[in-house]
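The values are calculated or read from the model by the stated rules, or taken from the named source; none is laboratory data. What you are looking at is a predicted structure, and each value in this text was computed from that prediction instead of being measured. Every residue, glycine among them, receives a Cβ derived from its backbone with ideal geometry; neighbour counts consider all protein chains shown. With ligands, DNA and RNA removed, areas are computed over all heavy atoms of the protein, side chains included. Shrake-Rupley method; radii C 1.70, N 1.55, O 1.52, S 1.80 Å.
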Amino acid sequence: MTTTQNTQPTNPPIVNGPASEPPFLSLHTTVVLLAALVIGIVIGALTAFTDVPVAAAVIAGLTATGASIPVLRSLIR
């Protein structure tokens, strides 16, 4: 009986040279902005469900997003 070995093809390693750019946003900034966006969407949707005009719900969501950014920045460290 013969046995065959499954050989995986070897890929060359990815090298980050000196020309690589830093990320556009840091991980902390990304998490803070995404969490603020989720808060704004939730507040805007809940406001829209209270039978107010859509423009008022959008303003409430934007206000909640903007107000939550400094709070989230200090909480998430």
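Observations
- Within the range 28-77, tally of residues that are assigned to a loop (DSSP other than H, G, I, E, B) and open to solvent by 70 Å² or more (accessible area, probe 1.4 Å): 5
- Being of a type in the set (Gly, Ala, Ser), touching a Gly at 6+ places or on another chain (Cβ under 6 Å) and at pLDDT 95 or above is a description that does not apply to residue 66.
- Residue check for residue 25: open to solvent by less than 90 Å² (accessible area, probe 1.4 Å), within 17 Å of the chain's Cα centre (by Cα) and of a type outside the set (Lys, Arg): yes
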